[in-house]
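Below is one structure; the comments refer to it alone.
The values are calculated or read from the model by the stated rules, or taken from the named source; none is laboratory data. These numbers come from a predicted model, not from an experiment. Quick reminder, even Gly has a Cβ in these numbers, built from the backbone with ideal geometry, and neighbours come from all protein chains shown. Side chains included, ligands, DNA and RNA excluded: accessible areas come from the protein's heavy atoms. Shrake-Rupley method; radii C 1.70, N 1.55, O 1.52, S 1.80 Å.
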Amino acid sequence: SLAIMPKLIEVVKIRQSALGELAVTKRRYEDAQKANRHYLLLRWMAAMSVVEVHATWERFAELRLVAALCHNPASFLDEHNIRGIDKIPLGLSRRLIRGNGRYFDFRSVSDLKGGAAQFLADCANPFRGIKKTEEAYLDTLSAIRNFIAHKSDSSLAAYKKSLATTYGIKSKPMPDEFLNAIDHRANSPAKGLTRLHGLLAILQGVITRI
């Protein structure tokens, strides 16, 4: 009889896909900059770009976790006393990760790391490689996106707190102005470029590495 190999997911492909999406977002914004578009349009584009960038991050994180479980199922199988198989196919892996939801939901990088730890041994958890400084920027990315999308009091409070913690900003502008402004800090991830560029640089680095 023929052995049926479970369908897996290639990490290289999901990484390239996510980086490609970020490159398109970045190029669109920079093309508008070079064309000297009105600053209000550039601000709006920066805000919409963050929504798009965050969606790319969410999709990548889910697919990366699914891939990790496909390729490193031993801890999960042992934890749940599952015998007779040594691989978890793609479809089942995705179902396990999503649980009863339509997608894998996480509110912060810490939440992501903890969620992944339910399925993976520490040595196989790719999100453990995200550094504290990167974690702060990624959580700020989420806070900015949530405020743009929801404009609720709670999202505004989280947005202001993130800007104060990550950027040391006391007077917090609205997201479109904040993102389109140049970051002059010495420790900026993209010094001399916009804060949107800085967030893109952080996410590109994380996706390339994990």
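So the check is Cβ under 9 Å with 6+ separation or different chains; which pairs have a first residue in the range 10-27 that's open to solvent by less than 80 Å² (accessible area, probe 1.4 Å) and a second one that's among the basic types (Lys, Arg) and at pLDDT 95 or above?
Every condition considered, the pairs that remain are Val11/Arg64; Ile14/Arg59; Ile14/Arg64; Arg15/Arg64; Ser17/Arg59; Ala18/Arg59; Ala18/Arg64; Glu21/Arg59.
Hey, can you tell me all the residues within the range 196-210 that are of a type in the set (A, V, I, L, M) and part of a helix (DSSP H, G or I)? It would help to see each step written out before you state the result.
Going through the range 196-210, the residues of a type in the set (A, V, I, L, M) turn out to be 196, 199-203, 206-207, 210.
Across the range 196-210, the qualifying residues are Leu196, Leu199, Leu200, Ala201, Ile202, Leu203, Val206, Ile207.
For a quick check of your reading: which helices (runs of 4 or more DSSP H) sit entirely within the range 66-180 and have at least 1 residues that are under 22 Å from Gly198 (Cβ atoms), out of contact with any Phe, Trp or Tyr (no Cβ under 6 Å at 6 or more places or on another chain) and of a type in the set (Val, Ile, Thr)? Please lay out each step first, then the result.
Details: elements: 74-79, 90-98, 109-117, 132-150, 153-167, 175-180.
Because the criterion is at least 1 residues that are under 22 Å from Gly198 (Cβ atoms), out of contact with any Phe, Trp or Tyr (no Cβ under 6 Å at 6 or more places or on another chain) and of a type in the set (Val, Ile, Thr), the helices (runs of 4 or more DSSP H) in the range 66-180 that meet it are 109-117, 132-150, 153-167.
Which ones in the range 177-193 are surrounded by fewer than 21 Cβ atoms within 10 Å (Cβ to Cβ) and either in contact with a helix residue (DSSP H, G or I) (Cβ under 9 Å, 6 or more places away or on another chain) or closer than 19 Å to Lys132 by Cα (or both)? Talk me through it step by step, then tell me what you get.
Narrowing the range 177-193 to residues surrounded by fewer than 21 Cβ atoms within 10 Å (Cβ to Cβ): 177, 181-193.
Within the range 177-193, Glu177, Ala181, Ile182, Asp183, Arg185, Ala186, Asn187, Ser188, Pro189, Ala190, Lys191, Leu193 meet the criteria.
Consider only pairs whose beta carbons are under 8 Å apart and that are at least six residues apart or on different chains; among these, list those whose first residue lies in the range 153-173 and is over 17 Å from Glu134 (Cα atoms) and of a type in the set (Lys, Arg) and whose second residue is open to solvent by less than 30 Å² (accessible area, probe 1.4 Å) and assigned to a helix (DSSP H, G or I).
Hits for this filter: Lys172/Tyr159; Lys172/Leu163; Lys172/Phe178.
Taking the conditions exactly as written (among the polar types (S, T, N, Q), closer than 15 Å to His54 by Cα and either under 21 Å from the mean Cα position of the chain (by Cα) or open to solvent by 50 Å² or more (accessible area, probe 1.4 Å) (or both)), does Ser142 satisfy them or not? It would help to see each step written out before you state the result.
Working: among the polar types (S, T, N, Q): yes; closer than 15 Å to His54 by Cα: yes; either under 21 Å from the mean Cα position of the chain (by Cα) or open to solvent by 50 Å² or more (accessible area, probe 1.4 Å) (or both): yes.
Yes: the conditions hold for Ser142.
State all residues of the range 194-210 that are open to solvent by 50 Å² or more (accessible area, probe 1.4 Å) and either charged (D, E, K, R) or in contact with a Cys (Cβ under 7 Å, 6 or more places away or on another chain) (or both); if no residue qualifies, say none.
Arg209
Kindly evaluate Glu30 against the criterion of being under 16 Å from the mean Cα position of the chain (by Cα) and either open to solvent by less than 70 Å² (accessible area, probe 1.4 Å) or of a type in the set (Phe, Trp, Tyr) (or both). First the steps, then the outcome.
Numbers: under 16 Å from the mean Cα position of the chain (by Cα): no; either open to solvent by less than 70 Å² (accessible area, probe 1.4 Å) or of a type in the set (Phe, Trp, Tyr) (or both): yes.
For Glu30, the condition - under 16 Å from the mean Cα position of the chain (by Cα) and either open to solvent by less than 70 Å² (accessible area, probe 1.4 Å) or of a type in the set (Phe, Trp, Tyr) (or both) - is not met.
Let's see how each residue does on (1) surrounded by fewer than 14 Cβ atoms within 10 Å (Cβ to Cβ); (2) of a type outside the set (Lys, Arg); (3) within 20 Å of Ser142 (Cα to Cα):
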| residue | (1), (2), (3) |
| --- | --- |
| Pro73 | no, yes, no |
| Arg95 | yes, no, no |
| Asn100 | yes, yes, no |
| Asp105 | yes, yes, yes |
| Val109 | no, yes, yes |
| Leu112 | no, yes, yes |
| Gly115 | no, yes, yes |
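I need a count of the residues in the range 151-176 that are among the β-branched types (Val, Ile, Thr) and open to solvent by less than 50 Å² (accessible area, probe 1.4 Å). Working first, answer last.
Taking the range 151-176 first, the residues among the β-branched types (Val, Ile, Thr) are 165-166, 169.
Subset that is open to solvent by less than 50 Å² (accessible area, probe 1.4 Å): 166, 169.
The number of residues fulfilling the criteria is 2.
Determine whether the range 46-60 contains at least one residue that is surrounded by 15 or more Cβ atoms within 10 Å (Cβ to Cβ) and in contact with a strand residue (DSSP E or B) (Cβ under 9 Å, 6 or more places away or on another chain).
Checked against the condition, which is being surrounded by 15 or more Cβ atoms within 10 Å (Cβ to Cβ) and in contact with a strand residue (DSSP E or B) (Cβ under 9 Å, 6 or more places away or on another chain), the range 46-60 yields at least one hit.
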